[in-house]
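See below for the structure under consideration.
The values are calculated or read from the model by the stated rules, or taken from the named source; none is laboratory data. All values reported here derive from a predicted model rather than from experimental measurement. For neighbour counting, all protein chains shown are included, and Cβ atoms are generated from backbone atoms with ideal geometry for every residue, glycine included. Quick note on the areas: whole protein, heavy atoms, side chains included, nothing else; ligands and nucleic acids left out. Shrake-Rupley method; radii C 1.70, N 1.55, O 1.52, S 1.80 Å.
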Amino acid sequence: MNSIESLKGLVCLVTGGAQGIGFATASECARRGAAVALLDRHDDEARAAAARIATRFGVPTASAMADVVDQNAVDTAIAECGTRLGAIDILVNCAGIMTPRLAPVSEMAIADVEQMFSVHVGGAYLCAKAVLPGMIDRRFGRIINISSVLGTLGLPFRSGYAIAKSAINGFTRSLAVEVARSGVTVNAVAPGYILTETLQARLDAGMLDYATYAERAPAGRWGLAEEVGHLIAFLALPASGFITGAVIAVDGGYTIRGDPGEAIGPVAPASALDAVRELFGRHGRTAS
C-alpha cells in the first residue's frame, strides 16, 4: 500500500464498532494498517468483532465495554484500550440508536428526544473529551463523527433524531476550529440509507421498502457500510490534515435532489449491491 494511504503505526478507536458502519470502518482502518480498538455496549459482540478483524488483517486489536453516556465507563474503557494498544490517534464516534418509532412532536415523549441527544451528542462529546488531551499533546489527532442526512434535510416524525444529528454538525464545526492549530482535525460523515444489519432487519420485517428509498437517491440504490467506512478511513489519514470542520454526505445524492418526483431513470435492483460488495471483498445477502 502506498504510504500516503496507510494508517500503519496509528491507533484507531471506534465506538459502536461491533457491527454496521462502526465495524466496516474499523475493518477499513485495519486494512490500512491501523491497530483497532472497538468500544461497544455489547461486550461479547465487540470481542468477537475485534477477533475477526485481527484474524483477517493481522493487526493488533482490543475491545472494551462501555455505554457512551456514562463518563466513568467511557474514561475507563478508553484508558484500557490505550494501555493495550497505545495512545488513541483516531476516534470514530459511531455509537448511536435508531428512532424507536415515528411520531409527531405532539406525541413524542421528551424522554425519547433526550435519549437521542444523550447517546449521539453526549456520547461523541464524552469520547472526544477523553482522547483530546493526548492528541493535543502529540499534536496529531483525527476525530470523525457520524451525522446523517436528517441533520440537513427536514423529514417529519423524526424530530429527536434530527435534533441530535443537527447538533453533531454544530459540535463538529465548533470543535474543529477549537483544535485546528493543535494538529487535530474534526469532521463528520452524513450517511443516507445504508444497508446495515439494523436496516436489513427493518426491511425483512416490512417496516421499510427498499425500492422507495432507492428511488429517492439519484444513485438509484442504497449504500453499504463499507462505502461509509472508506470515506472515514480517508479522513483519518495523516495526508487529510487540511480537511476539517466538514460534514460530508455519503448518500448517493439524496440531499442534493431538488425534485424527487422528476424521472431520471430506473432504480437499480437490490442485486446491484452485490457488485459493490465485491469491491470490498464481501459476499453477502441481497436486500429485498
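Here residue 277 meets the list (1) open to solvent by 50 Å² or more (accessible area, probe 1.4 Å); (2) of a type in the set (D, E, K, R); (3) out of contact with any helix residue (DSSP H, G or I) (no Cβ under 7 Å at 6 or more places or on another chain) almost entirely, failing just condition (1). Confirm whether residue 23 is touching a Lys or Arg at 6+ places or on another chain (Cβ under 6 Å) and closer than 18 Å to residue 282 by Cβ. No: the conditions fail for residue 23. It is to be established whether one or more residues within the stretch 258-268 are open to solvent by less than 30 Å² (accessible area, probe 1.4 Å), over 25 Å from residue 198 (Cα atoms) and assigned to a loop (DSSP other than H, G, I, E, B). No; the residues of the stretch 258-268 include none that is open to solvent by less than 30 Å² (accessible area, probe 1.4 Å), over 25 Å from residue 198 (Cα atoms) and assigned to a loop (DSSP other than H, G, I, E, B). Just one of the listed residues (59, 74) is free of Cβ contacts under 8 Å to residues at least 40 places away in the same chain and crowded, with 18+ Cβ neighbours inside 10 Å, and it is 59. Determine, yes or no, whether residue 36 is more than 16 Å from residue 128 (Cα to Cα), in contact with a strand residue (DSSP E or B) (Cβ under 6 Å, 6 or more places away or on another chain), β-branched (Val, Ile, Thr) and surrounded by fewer than 24 Cβ atoms within 10 Å (Cβ to Cβ). No; evaluated as a whole, the condition is false for this residue.
Tell me which residues, restricted to the stretch 61-113, are more than 30 Å from residue 137 (Cα to Cα) and of a type in the set (A, V, I, L, M). Passing the criteria: 97, 98, 102, 103, 105, 108, 109, 110, 111, 113. Residue count for the stretch 6-31 satisfying the condition of being of a type in the set (D, E, K, R) and either out of contact with any Phe, Trp or Tyr (no Cβ under 9 Å at 6 or more places or on another chain) or modelled with pLDDT under 95 (or both): 1. In the stretch 247-264, what count of residues is obtained for those that are modelled with pLDDT of 90 or more and more than 24 Å from residue 166 (Cβ to Cβ)? Going through the stretch 247-264 one residue at a time, the tally reaches 0.
Looking only at residues that are assigned to a helix (DSSP H, G or I) and of a type in the set (Asp, Glu) in the stretch 91-136, which one is surrounded by the fewest Cβ atoms within 10 Å (Cβ to Cβ)? The qualifying residue surrounded by the fewest Cβ atoms within 10 Å (Cβ to Cβ) is 114. Considering the stretch 229-247, and only residues there that are closer than 19 Å to residue 26 by Cβ and among the aliphatic types (A, V, I, L, M), the residue that is nearest to the chain's Cα centre (by Cα) turns out to be 232. When residue 212 is tested against the conditions (1) in contact (Cβ under 8 Å) with a residue 12 or more places away in the chain; (2) open to solvent by 50 Å² or more (accessible area, probe 1.4 Å); (3) over 16 Å from the mean Cα position of the chain (by Cα), the lone failure is (1). Scanning the stretch 66-113 for residues that are modelled with pLDDT under 95, among the hydroxyl-bearing types (Ser, Thr, Tyr) and more than 19 Å from the chain's Cα centre (by Cα) yields one hit, 106. Picking from residues in the stretch 80-90 that are in a helix (DSSP H, G or I) and either touching a residue at least 12 places away in the same chain (Cβ under 8 Å) or touching a Phe, Trp or Tyr at 6+ places or on another chain (Cβ under 7 Å) (or both), the one that is most open to solvent (accessible area, probe 1.4 Å) is 84. Kindly check whether there is at least one residue in the stretch 43-63 that is of a type outside the set (Val, Ile, Thr), within 21 Å of residue 124 (Cα to Cα), at pLDDT 95 or above and touching a Cys at 6+ places or on another chain (Cβ under 9 Å). Checking the stretch 43-63: at least one residue is of a type outside the set (Val, Ile, Thr), within 21 Å of residue 124 (Cα to Cα), at pLDDT 95 or above and touching a Cys at 6+ places or on another chain (Cβ under 9 Å).
Taken over the stretch 128-150, the criterion of being within 15 Å of the chain's Cα centre (by Cα), touching a residue at least 24 places away in the same chain (Cβ under 8 Å) and farther than 13 Å from residue 96 by Cα is satisfied by 128, 142, 143, 144, 149.
One line per residue, one yes/no per condition, for (1) touching a residue at least 60 places away in the same chain (Cβ under 8 Å); (2) on the phi > 0 side of the Ramachandran plot; (3) part of a loop (DSSP other than H, G, I, E, B):
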| residue | (1), (2), (3) |
| --- | --- |
| 220 | no, yes, yes |
| 242 | no, no, yes |
| 245 | yes, yes, yes |
| 248 | yes, no, no |
